[in-house]
Amino acid sequence: MATLFATAAKTVASLARGIERLSREMTLLLAEVRTLLAANEALSKRRRAKKARIRQGGALTVKDAQDILAQKEVNEQVQHEKRSREDRQNEGQTRGRRCSTCGRTGHYAPRCPKAVHVSSPLDSK
């Protein structure tokens, strides 16, 4: 009889642990659902606002869209040409090494005129 009660107690304890674990998982899942719903609502608001802006500003015609895309392409092309021109100008020029103390070229940190040299008693010997 005692073993029957011990077995039943173990079973009840095991079920209680399982229920607690399921409860924690349920809490986490509910929190995740809430965050996803909030994110979904924010996305819906942005989409509604975008549609409202389009309605207020009027419809975007095909010609206007093509003009915008053409202007964007022109701007990208100008930037690309500017970068390639700068690359050609800098071609063959290497950057000189710089002092890590003051950032100027022509010397290194141990010989930097701006460096503070601390004399020690061993230097006087």
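If you take the Cα Rg of segment 4-94 and divide it by 2.2 N^0.38 Å, with N the number of residues, what do you get?
Normalised by 2.2 N^0.38 Å, the Cα Rg of segment 4-94 equals 2.54.
Return the lysines within reach of LYS51: Cα separation strictly under 25 angstrom, same-chain partners fewer than 8 residues apart disregarded; answer none if there are no such residues.
Filter leaves LYS63, LYS72.
Fewest Cβ neighbours within 10 Å first, please rank ARG98, ARG48 accordingly.
So the residues, fewest neighbours to most, are ARG48, ARG98.
Where a number appears in this text, it was derived from the coordinates with a stated rule and is not lab data. Everything numeric in this text was worked out from a predicted model, so none of it was measured. Quick reminder, even Gly has a Cβ in these numbers, built from the backbone with ideal geometry, and neighbours come from all protein chains shown.
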